[in-house]
Amino acid sequence: MIEENARKFLSEISGGNCYGEKVTLVAATKTRTAEEINRAIAAGITDIGENKVQEFRDKFDFIHGGNRHFIGHLQTNKVKYLIGKTYLYHSIDRDELAAEIAKRSTAAGITSDILIQINIGCEESKGGYPLEAGFEVYTRLKQTEGLHVKGFMAMLPISNDEKYLAGLCKQMRALYEKAKAEDENVCYLSMGMSGDWKLCLENGSNMIRLGTAIFGERNYGASV
Ligand SMILES: *Cc1c(COP(=O)(O)O)cnc(C)c1O
């Protein structure tokens, strides 16, 4: 099932997004075992994303290959466990977090690739900078030693109003384009999960994060 789903989604995105840009599929692996993740990788998945530092660490040595993304809320005091092991940090949602990653990266002699998370639905339950602050944050972080800003990430609110959601995607795309226009490092707009990935690709996303769609429903009681 995992293999079938992985192949199906890789094939569905192979035509690119609405701009003909290549789409990266990040398999969202929270609660999944290393064995399940390895099956997805064997079926062609190139990128995987963890939400929790504990899971990232526990499974790290047991997963064979794959670019390791970090996609969840990240506590500043846990950054040290991810430095040098993370392909892309999706969830830079506050200045202290960016500063900690920059400091630890510089100390390790590396540069870390990051996305700036935007709270596009202005939801209290979600992290991220307000859309209006996005470009200023980008300008600031791109000058920070130890960081490479590669683009932006957002999670859409739950809504049945597709016009509203498409409008939010377009606002994200406009921010992405503004940064990309002056900076060739900017290449990712990470937006889209199992419930809304299609709408996101039709409205400018070029990186989607799918969990349930690939692995099935999550069982939070299961151990790693
Ligand atoms: C869990 C998660 C996903 C994937 O969610 P699904 O609905 O299972 O596809 C994507 N992004 C983030 C940040 C997540 O935490």
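Calculate what fraction, in whole %, of the accessible area of the chain sits on carbon and sulfur atoms when a 1.4 Å probe is rolled over the protein chains.
49 percent
Please list K142, K163 in order of solvent-accessible area, largest first, computed with a 1.4 Å probe with all protein chains present.
K163, K142
Roughly how large, in nm² to one decimal, is the mean projection of the convex hull of the alpha-carbon atoms in the stretch 3-66?
4.5 nm²
Among the lysines, select those whose C-alpha is under 17 Å from the C-alpha of K80, and discard any that sit fewer than 8 residues away in the same chain.
K52, K59, K103
For the chain, what is Rg from Cα atoms divided by 2.2 N^0.38 Å, rounded to two decimals?
Scaled against compact globular proteins, the figure is 0.96.
When each pair of different Cα atoms in the stretch 111-213 is counted once in the 1/r mean, what is the Kirkwood radius in angstroms, to one decimal?
13.8 Å
Under a Cβ-Cβ cut-off of 11 Å, what is the net charge of the residues other than Q117 that fall near it, where Lys and Arg count +1 and Asp and Glu count -1?
+1
Rolling a 1.4 Å sphere over the protein heavy atoms, what is the accessible area per residue of the stretch 1-111, to the nearest Å²?
47 Å²
Where the eigenvalues come from the Cα gyration tensor of the stretch 161-224, what are the semi-axes √(5λ) of the equivalent ellipsoid, largest first, in whole Å?
Square roots of five times the eigenvalues give 28, 16, 8 Å.
The values are calculated or read from the model by the stated rules, or taken from the named source; none is laboratory data. Predicted, not measured: the structure shown is a model, and the values here were computed from it. We place every Cβ from the backbone using ideal geometry, glycine too, and count neighbours over all the protein chains shown. These accessible areas exclude ligands, DNA and RNA; they are computed on the full protein's heavy atoms, side chains included. Shrake-Rupley method; radii C 1.70, N 1.55, O 1.52, S 1.80 Å.
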